[in-house]
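Notes follow the structure.
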Amino acid sequence: MCFVKCLLTYLVVEIVLEATRQYEANYPGMLKKAIVVNTPKVFTVLYQLIRPFLSEDTAACVDVYGYYDDWRGTLRELMSVDQLPSRFGGANTTVKPYHPSHGYLVTVPVFEEIENSKLKPVNVPAGQKLDVPFNITEVNAKLMWAFRTDDYDITFGVFYTPANSGDETEVVDFCRVDSHVLTQRGSLVCEQAGQYTVRFDNTSSWIRPKCVYYITQCSQQPN
C-alpha cells in the first residue's frame, strides 16, 4: 500500500507528466508501438492521468495490458513467431534476452519446418516432468528440438550438468510456453562437455496430464 501511495504522490505524477510533455515537444511521431504488459491496477490509474497529455497519434501507439489480459496474441500479430521468444507467446525457445550492447541488428535463429508425423508423443502426468538427457563429449556439438502439446501449455527449459559435478545450471530459459498454440523450436551449441537435459515440466499442474509431441537431435557423433 505504501508503494501505491508513493506512485500517486504529486511529485511522482508531476515528474511523469513533465517527461511526457518533453517527449511530445521534442520527439513527436518517433514511437511506432509500445506494449506494456502485466501491469498492476495502480498503473492503470497513473496512465489515465498521463494519457490526456499524449497526442492522439502517440496514444494510439500505446497498448496497456493487465496480468490476466491476452497480450501474447497481440505480440503474435505484430511479430514473426519465429523471432518472438517463447516466454512472450512466440515459437522460439532460444532467443536471448535483448541488451543494448547487442545494437540494432540482432541475429535470430531460423528453424526448418518439421512434419508433425516426426514428433514423438509422450504423456507427462500431472505433477511430474519428462527429462531427455544427452551426454555431450564433443565441444560445440549442437542440440536441436521441436515440440507441441495438446490443448494446454507446458514449462520447458534446457539444463547443463558438468561431468564432475551434480550442480545443474539453466542454459535455455525455463518458462511456460504456448506449445498448444505454436510448435516450439530451438537449438543450442554445447560449449562444454557434460550432460544436457531437455526438460518438459508439468509439476505446476495438479490434476491435468499433458501430451507432448517432440523431436530432439544432436550433431555429436554417436559413441
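The values are calculated or read from the model by the stated rules, or taken from the named source; none is laboratory data. In this text, all values refer to a predicted model and were calculated from it rather than measured experimentally. Every residue, glycine as well, gets a Cβ built from its backbone with ideal geometry; the counts of neighbours run over all protein chains shown. To get the accessible areas, we keep the full protein, side chains included, count just its heavy atoms, and leave off ligands, DNA and RNA. Shrake-Rupley method; radii C 1.70, N 1.55, O 1.52, S 1.80 Å.
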>> Checking the structure you have, find out if any residue of region 164-177 is within 15 Å of Thr93 (Cα to Cα) and exposed (fewer than 13 other Cβ atoms within 10 Å of the Cβ).
In response: yes
>> I need the full set of residues from region 36-89 which are in a helix (DSSP H, G or I), touching a strand residue (DSSP E or B) at 6+ places or on another chain (Cβ under 8 Å), touching a residue at least 60 places away in the same chain (Cβ under 8 Å) and open to solvent by 30 Å² or more (accessible area, probe 1.4 Å), in order please.
In response: Arg87
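A quick yes/no check of all residues on (1) in a loop (DSSP other than H, G, I, E, B); (2) of a type outside the set (Asp, Glu); (3) modelled with pLDDT under 95:
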position	(1), (2), (3)
Val132	no, yes, no
Val139	yes, yes, yes
Met144	no, yes, yes
Val158	no, yes, no
Asn164	yes, yes, yes
Asp173	no, no, yes
Gly186	no, yes, yes
Val189	no, yes, yes
Arg199	no, yes, no
> Hey, among the residues in region 178-213 that are among the β-branched types (Val, Ile, Thr) and surrounded by fewer than 18 Cβ atoms within 10 Å (Cβ to Cβ), which one's farthest from Arg148 (Cα to Cα)?
Replying inline: Val189
>> Criterion first (modelled with pLDDT of 90 or more and either in contact with a Lys or Arg (Cβ under 6 Å, 6 or more places away or on another chain) or of a type in the set (Gly, Ala, Ser) (or both)) does Gly89 satisfy it?
In response: yes
